[in-house]
Amino acid sequence: MKKAIVDCWNTIGVRGDLSCPKLAQYTRCRNCPTYVAAAVVARDVALPDDYVDEWTRHVAAPAVEIDHTRVSVMMFRLGTDVLGILTGAFKEITERRTVHAIPHRGAGGVLGVVNVRGELVVCVSLREIIGIAGGEPAARDGHAGEHARMIVVERGHARTAFPVDEVYGTHDVRAADLGTVPMTIANATAAFTNAVLTWRGKTVALLDEHLLFDALDRRLGSAA
């Protein structure tokens, strides 16, 4: 009985979708023991009559382009909403810090300032800016749950912090998996969302960092 040839390089290897975990070790399929074993089997198999014609058609066929473009997204939670922002706009994550109020500057979603490694950074309510219902629980005294954190974003030399209820870290996602914004997203949040993706069964709204920073500038300007 002839032994079947496992041609995994055409499905999950370099000629497929590159999802084979062994590629990290062998780089190319031809370096893999599975490929070598298949070559041994193929050596002992008689060529079919239409072998030349079949491979002529295969080589002549246009190559199928696979989109491997990926983007890096920082994901976090505000209440029940899971949001994301491209890591290019993200600076760092810190523990919840005590927020010090700025006299006569509490409008426009500005909570105050926080000390981030010796630098005073303006702290804002992202909930209020993008229109998510609910307040910032215990935002000023730094006690808001074991998963609560602060995210610091940066544009140019201007840094801004905002409290979040939980941080899920950075994740690489395929650009092809980013979908259009559905009507089910709240209108206020949708105004700042340029795409959505599914992660662990949750819908993640990817914030448009340009719109977000423009809104921050306006809020900080009105609070000055």
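The values are calculated or read from the model by the stated rules, or taken from the named source; none is laboratory data. This structure is a prediction, so every number in the text was calculated from the model and none was measured. Cβ atoms come from the backbone with ideal geometry, glycine included; neighbour counts cover every protein chain shown.
Here is a list: Thr160, Thr184. Which entry is at pLDDT 85 or above, among the hydroxyl-bearing types (Ser, Thr, Tyr) and either in contact with a helix residue (DSSP H, G or I) (Cβ under 6 Å, 6 or more places away or on another chain) or not in a strand (DSSP E or B) (or both)?
None of the other options fit; the residue is Thr160.
Taking Ala175 as the residue in question, decide whether it is at pLDDT below 85, among the hydrophobic types (A, V, I, L, M, F, W, C) and more than 29 Å from Asn115 (Cβ to Cβ). Can you show your working first?
Working: at pLDDT below 85: yes; among the hydrophobic types (A, V, I, L, M, F, W, C): yes; more than 29 Å from Asn115 (Cβ to Cβ): yes.
In short, yes.
Filtered by the rule that a residue be of a type in the set (Lys, Arg) and not in a loop (DSSP other than H, G, I, E, B), the stretch 70-124 gives Arg70, Arg77, Lys91.
Of all residues in the stretch 117-139, count the ones that are modelled with pLDDT under 85 and surrounded by fewer than 16 Cβ atoms within 10 Å (Cβ to Cβ). Walk me through how you get there before you give the answer.
Residues of the stretch 117-139 modelled with pLDDT under 85: 131-139.
Next cut, surrounded by fewer than 16 Cβ atoms within 10 Å (Cβ to Cβ) only: 131, 133-135, 137-138.
Number of matching residues: 6.
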